[in-house]
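Q: Below is the structure I would like to discuss, written out as structure tokens.
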Amino acid sequence: MRDFPEARTKDDGGGSQYAPLPSDLRSPLRAALEACGQYGAGQTAGRFYPIACVALEVTQRCNLDCTLCYLSDSAEMAFDVPLTVLYRRIDMIRNHYGLQASVQITGGDPTLRKVEDLQAICAYIRKMGLRSCLMTNGIRASRSMLQALAETGLDDVAFHVDLTQERKGYPTEKSLNTVRHDYIQRCEGLGLRVLFNTTVFDGNFAELPDLALFFRREASKIRLAGFNLQAETGRGIEGARTETLTINNVAAGLEAGMGTEIDFDVGKVGHESCTRYGSLLIAGDAAISALANRKLFEDILDKMDQHEVSQDAITEIQPTLRRVYSRSVGLALRSAAFLLGRLWHLRGGLLESRGRVHSLTLLIHNFMDAKELDEERCASCVFMVATENGPTSMCVHNAQRDQNVFAPAKVGTADDPKWWHPSTGQISTSNVPTAHTKMPFKRLKGRLRHGALIQIADRAEKL
């Protein structure tokens, strides 16, 4: 049994109030998924972990102006969150979700903060027994920066690269593969797991097969590829998606590029309307689904559930699986036969790769529009954000971003309460939010910048 901190029910000295938590930290998510009929045989969330990931927003600044940005119009008027506040939020994440919970260091783009700040954040996450992932567009994520972060505790780096970022000189997703290759090379030998995120919208939907082919061919260096469907939230100018942009259509595009069925409906990671999960085995240029036998997968999960005896927040998968196979020879033989069958399908690629087989995870995220939040999906969310008022669903956070981002953060003690104000960067004895100043033109982004440029063009035309 691993040593978890006691659930805090009073002021922790940093100012946060924590409600009593269950001994098994998975139970709240499990109950929420059960309530909406999503806790079925293939469900992993709430069964083997209490949350998929928690975003820790360390800045609202960004060096891009994406056409599908989730930040608010005024987000970049917020000052960077002090390290003391971030440490308290990391404590909150561990308190709610236990050891090994995945913390996404994000923003904005976190690399706009000082390297020393990021090193301190990574080190503290590691100290608390959590996993860290740097979420970045990669522009400022030099090899020296990544090496410094890896040496102080960073586990993963997720690069967000796609056409919504309007990078100059890259008109297609295929041309952006040059950027992706560069980012992969920056990480070689650093011990970091490399992930990629892509926002899927009308402008790149037709390129999904080619993009999937790229990830298939780079599977030896990439562990996960995530695909986020366009959502009408934040300051981006693209707006709502078309009817053709659905989870199923995105899945079909990825299958076309991978050259195989992916079985996105077998393993579950939360609500099926929010997330689809696929797992591939790849050898050379050949790929095959790792979840092609639904009955076997569900039987393995069921046996693991029966043999998992601790109340830890994160199930230790490999030791639990070894116990299952040692006590169920029949299941072990079925698993071995399935694996041999998968390898037989990969035989051509195995010759090409000299027997090396790599795994690649694919995730499709269907984020909700800000004005069309579904209560059940929000309640059973597996992708949370650490805010001053506790963990919040990412979709809810995006819909209420200014309310969360500009909320004063308590930095004093119970005897000497003080609050840091994101709108001014100052500390005061008042917890009343303060208004931010008017955004100057040079800092306008998204809809506001687009509208301002149209007005300037109109005035120039009239002269």
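The values are calculated or read from the model by the stated rules, or taken from the named source; none is laboratory data. What you are looking at is a predicted structure, and each value in this text was computed from that prediction instead of being measured. We place every Cβ from the backbone using ideal geometry, glycine too, and count neighbours over all the protein chains shown. These area figures cover heavy atoms from the full protein model, side chains too; ligands, DNA and RNA do not enter into them. Shrake-Rupley method; radii C 1.70, N 1.55, O 1.52, S 1.80 Å.
Q: If a residue must be within 14 Å of T172 (Cβ to Cβ) and among the aliphatic types (A, V, I, L, M), how many such residues does region 197-244 contain?
A: Summing the residues that are within 14 Å of T172 (Cβ to Cβ) and among the aliphatic types (A, V, I, L, M) in region 197-244 gives 4.
Q: Among (1) assigned to a loop (DSSP other than H, G, I, E, B); (2) open to solvent by less than 50 Å² (accessible area, probe 1.4 Å); (3) over 25 Å from C53 (Cβ atoms), where does G153 come up short?
A: Here G153 clears every test but (3).
Q: Just a yes or no: is a residue in region 206-215 within 21 Å of the chain's Cα centre (by Cα), open to solvent by 20 Å² or more (accessible area, probe 1.4 Å) and not acidic (D, E)?
A: Looking through region 206-215, none of the residues is within 21 Å of the chain's Cα centre (by Cα), open to solvent by 20 Å² or more (accessible area, probe 1.4 Å) and not acidic (D, E).
Q: Output the helices (runs of 4 or more DSSP H) that fall wholly within region 260-353 and possess 2 or more residues being basic (K, R), or say none. Please lay out each step first, then the result.
A: Numbers: elements: 294-307, 317-327, 329-345, 347-353.
Output list reads 294-307, 317-327, 329-345.
Q: Taking region 367-377, which residues are open to solvent by 30 Å² or more (accessible area, probe 1.4 Å), in contact with a helix residue (DSSP H, G or I) (Cβ under 9 Å, 6 or more places away or on another chain) and either at pLDDT below 95 or of a type outside the set (G, A, S) (or both)? Don't jump to the end; show me each part of the working.
A: First pass over region 367-377, keeping only residues open to solvent by 30 Å² or more (accessible area, probe 1.4 Å): 367, 369-377.
Retained after the next criterion (residues that are in contact with a helix residue (DSSP H, G or I) (Cβ under 9 Å, 6 or more places away or on another chain)): 367, 369-371, 373-374, 376-377.
Across region 367-377, the qualifying residues are F367, D369, K371, L373, D374, E376, R377.
Q: Output the residues belonging to region 107-128 that are within 25 Å of Y49 (Cβ to Cβ) and open to solvent by 40 Å² or more (accessible area, probe 1.4 Å). Don't jump to the end; show me each part of the working.
A: Here is the first cut: in region 107-128, the residues within 25 Å of Y49 (Cβ to Cβ) are 107, 110, 121-128.
Correct list: A123, Y124, R126, K127.
Q: While we're on this one: Does region 405-421 contain any residue that is assigned to a helix (DSSP H, G or I), at pLDDT 95 or above and touching a Cys at 6+ places or on another chain (Cβ under 6 Å)? Full working, then the answer.
A: At the first step, the residues of region 405-421 found to be assigned to a helix (DSSP H, G or I) are 405.
Still in the running and at pLDDT 95 or above: 405.
Filter once more, so that each one left must be touching a Cys at 6+ places or on another chain (Cβ under 6 Å): none.
Within region 405-421, not a single residue is assigned to a helix (DSSP H, G or I), at pLDDT 95 or above and touching a Cys at 6+ places or on another chain (Cβ under 6 Å).
Q: Can we say G169 is open to solvent by 40 Å² or more (accessible area, probe 1.4 Å) and in contact with a helix residue (DSSP H, G or I) (Cβ under 8 Å, 6 or more places away or on another chain)?
A: Working: open to solvent by 40 Å² or more (accessible area, probe 1.4 Å): yes; in contact with a helix residue (DSSP H, G or I) (Cβ under 8 Å, 6 or more places away or on another chain): yes.
In short, yes.
Q: Can you confirm whether region 83-100 contains a residue that is modelled with pLDDT of 95 or more and assigned to a loop (DSSP other than H, G, I, E, B)?
A: No: region 83-100 contains no residue that is modelled with pLDDT of 95 or more and assigned to a loop (DSSP other than H, G, I, E, B).
Q: Next question. Could you grab me the full set of residues in region 129-149 that are in contact with a Pro (Cβ under 9 Å, 6 or more places away or on another chain) and open to solvent by 20 Å² or more (accessible area, probe 1.4 Å)?
A: Residue satisfying the conditions is M135 alone.
Q: May I ask you to list the residues in region 310-357 that are open to solvent by less than 40 Å² (accessible area, probe 1.4 Å), of a type outside the set (D, E), in contact (Cβ under 8 Å) with a residue 40 or more places away in the chain and within 26 Å of Q100 (Cβ to Cβ)?
A: S310, A313, I314, T315
Q: What is the residue count in region 277-286 for residues that are closer than 22 Å to H365 by Cα and in contact with a Lys or Arg (Cβ under 9 Å, 6 or more places away or on another chain)? Working first, answer last.
A: Taking region 277-286 first, the residues closer than 22 Å to H365 by Cα are 277-281.
With in contact with a Lys or Arg (Cβ under 9 Å, 6 or more places away or on another chain) added as a condition, the list becomes 277, 280-281.
So the count comes out to 3.
Q: Let me ask something else about it. Scan region 181-196 and tell me whether some residue there is touching a His at 6+ places or on another chain (Cβ under 8 Å) and surrounded by 16 or more Cβ atoms within 10 Å (Cβ to Cβ).
A: Taking region 181-196 as the starting set, the residues that turn out to be touching a His at 6+ places or on another chain (Cβ under 8 Å) are 196.
Retained after the next criterion (residues that are surrounded by 16 or more Cβ atoms within 10 Å (Cβ to Cβ)): 196.
Yes: region 181-196 contains one or more residues that are touching a His at 6+ places or on another chain (Cβ under 8 Å) and surrounded by 16 or more Cβ atoms within 10 Å (Cβ to Cβ).
Q: I want to confirm something. Restricting to region 156-188 and keeping residues that are under 19 Å from the mean Cα position of the chain (by Cα) and either part of a strand (DSSP E or B) or of a type in the set (D, E) (or both), which single residue is farthest from L208 (Cα to Cα)?
A: Applying the filter and picking the extreme gives D156.
Q: Ok, one more. Determine whether region 242-251 contains at least one residue that is buried (at least 20 other Cβ atoms within 10 Å of the Cβ), in contact with a Pro (Cβ under 9 Å, 6 or more places away or on another chain) and touching a residue at least 60 places away in the same chain (Cβ under 8 Å).
A: If we filter region 242-251 for residues that are buried (at least 20 other Cβ atoms within 10 Å of the Cβ), which is where we start, we get 250-251.
Keeping just the survivors that are in contact with a Pro (Cβ under 9 Å, 6 or more places away or on another chain) gives none.
Within region 242-251, not a single residue is buried (at least 20 other Cβ atoms within 10 Å of the Cβ), in contact with a Pro (Cβ under 9 Å, 6 or more places away or on another chain) and touching a residue at least 60 places away in the same chain (Cβ under 8 Å).
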